[in-house]
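What follows is a single structure, written as structure tokens, with notes after it.
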Amino acid sequence: RSLRETSRVDGRGAGWRAHRRGTAQRRTALALLVLWTLVVCAGLLRWTLTTPASQGRLLFPAIGAISVLLSLGIASLAPRYERASLAVVGTTLLVVAAATPCVTLRAAYAPPVLASESALPAGVQATEVTYGDVARLVGYRVEPAAAAPGEALVVELYWQALRQTETNLSLFVHLYGRGWQAVGQRDSYPGGGLCPTTLWTPGSIVHDTLRVPVSADADGPVALGVIVGLYDRATGAVLPASDAEGRAVGEVRIAQARLAVGGRIHLPTHPLNAQLGERVRLIGYDLAPGPYAPGETVPLVLYWEVTQALGGDYTVLVHLLDDSGAIVSQGDGPPLGGEYPTSLWAPDETLADERSLPLLDDLAAGRYRVVVGLYEPDSWVRLPVVDAQGEVADDTVALGLLVVESP
């Protein structure tokens with residue numbers, strides 16, 4: 001009996017020691033799997049920070065470790081249904097893995113579409129800009145027409161090869177906003193590297209699409225300038241561009257998109273409700289009456305409220321009139337410093353238009369009237385000022401008086 005009890009105790013001890021050894025081995029194996037996964041992820045992060053592209057396929061060496069860890073995690077969530085849950089997840093992943101090459105990878109790695117210049121798709125804007133003697137931009141499309149900070153523009157480009165080249169050229173699309181500051185950029189090889197310029201054949205047309213993000217802190221509203229070019233990444237040399245007549249054009253601004261920024265503007269010092277035409281109202285202005293001295297510049301802010309799209313570019317009229325109605329000074333010009341033309345104004349927008357009115361050095365002392373309006377720069381036709389009954393009252397809006405004193 002004593003021998004049987006002793007052997008039973010020894011057996012229990014051996015089993016416990018074996019259990020502990022097995023637990024330690026499992027923990028070591030799990031630690032190695034986690035460590036290997038972290039090493040591969042760190043390598044991918046390093047690659048992404050040092051190269052102009054990110055390659056998710058570089059995680060493939062850790063797929064085995066990730067799969068084991070995923071299976072153990074799923075099994076721990078439902079211990080009673082361990083086999084069933086693993087079978088369902090495994091089957092699902094198998095189907096996804098089998099479909100990915102045909103569904104996802106095939107579309108992602110498809111080369112750019114070759115097109116015919118005479119059959120550019122509807123909505124594509126035809127152009128003719130030549131880059132060096134290598135390629136010509138024959139068409140483009142920018143969508144959407146308006147974007148907000150943090151969103152993106154989709155730029156489609158249609159390139160025509162002029163000659164074969166041994167240089168693998170890169171292309172760039174840059175976005176510029178207020179003060180011509182860069183607010184977005186995308187550099188890439190044509191087709192994301194799937195259709196290098198070294199494989200272009202003369203006469204062929206390559207369709208390429210790039211998604212260009214807009215900086216989250218971009219200031220607006222403004223007309224975003226979309227600049228396109230080709231360059232040699234190895235040397236940084238940008239190919240010179242020329243128009244259809246062979247004249248150098250410098251930066252190629254193919255289009256402009258509207259960058260709208262929400263948020264309320266502060267109320268004007270002097271409220272108004274002046275309707276100009278049927279599409280825009282002057283709802284107020286900021287103007288200090290002075291006194292001012294000859295040679296000074298008078299700051300003025302006009303507050304516009306858009307009721308309908310204007311459909312064209314108008315110029316803001318700012319005139320200083322004497323008692324006889326003669327113009328003694330003026331500060332005409334496009335609204336918002338020319339950075340947000342009226343053709344891009346959208347309904348329900350309220351815009352603060354900061355302007356300046358220069359005073360001539362020999363301007364006589366006195367009291368002057370300030371009037372403002374909008375007119376078409378080509379025809380000089382002014383938008384009529386309409387009263388509450390819908391009748392045309394004038395073609396300018398009278399603001400406050402300005403006092404000028406001799407120095």
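Descriptive notes on the structure:
- Odd one out for residue 202 among (1) surrounded by fewer than 17 Cβ atoms within 10 Å (Cβ to Cβ); (2) without any contact (Cβ under 8 Å) to a residue 60 or more places away in the chain; (3) in contact with a Gly (Cβ under 7 Å, 6 or more places away or on another chain); (4) part of a loop (DSSP other than H, G, I, E, B): (3)
- For the stretch 74-84, a residue qualifies if it is within 44 Å of the chain's Cα centre (by Cα) and either open to solvent by less than 50 Å² (accessible area, probe 1.4 Å) or touching a residue at least 60 places away in the same chain (Cβ under 8 Å) (or both), and exactly one does: 74.
- Exclusive hit being out of contact with any Pro (no Cβ under 7 Å at 6 or more places or on another chain) and open to solvent by 40 Å² or more (accessible area, probe 1.4 Å), set 219, 232: 219
- Test: residue in the stretch 308-326 that is over 30 Å from residue 145 (Cα atoms), at pLDDT 95 or above, of a type outside the set (A, V, I, L, M, F, W, C) and open to solvent by less than 70 Å² (accessible area, probe 1.4 Å): yes
- Within the stretch 373-392, the set of residues being modelled with pLDDT of 90 or more and part of a loop (DSSP other than H, G, I, E, B) comprises 376, 377, 378, 379, 380, 381, 383, 384.
- Neighbours by Cβ (under 6 Å, 6+ apart or cross-chain): first from the stretch 271-286, more than 12 Å from residue 301 (Cα to Cα); second acidic (Asp, Glu): 281/305
- Scanning the stretch 312-336 for residues that are touching a residue at least 12 places away in the same chain (Cβ under 8 Å) and not in a strand (DSSP E or B) turns up 312, 313, 314, 322, 323, 331, 332, 334, 335, 336.
- Test: residue in the stretch 260-271 that is open to solvent by less than 50 Å² (accessible area, probe 1.4 Å) and within 24 Å of residue 155 (Cβ to Cβ): yes
- Counted residues, the stretch 162-199 - those being buried (at least 21 other Cβ atoms within 10 Å of the Cβ), of a type in the set (A, V, I, L, M, F, W, C) and closer than 22 Å to residue 221 by Cβ: 3
The values are calculated or read from the model by the stated rules, or taken from the named source; none is laboratory data. Bear in mind the structure is a predicted one, so any value in this text is a computation, not a measurement. For neighbour counting, all protein chains shown are included, and Cβ atoms are generated from backbone atoms with ideal geometry for every residue, glycine included. Only protein heavy atoms, including side chains, enter the accessible area calculation; ligands, DNA and RNA are left aside. Shrake-Rupley method; radii C 1.70, N 1.55, O 1.52, S 1.80 Å.
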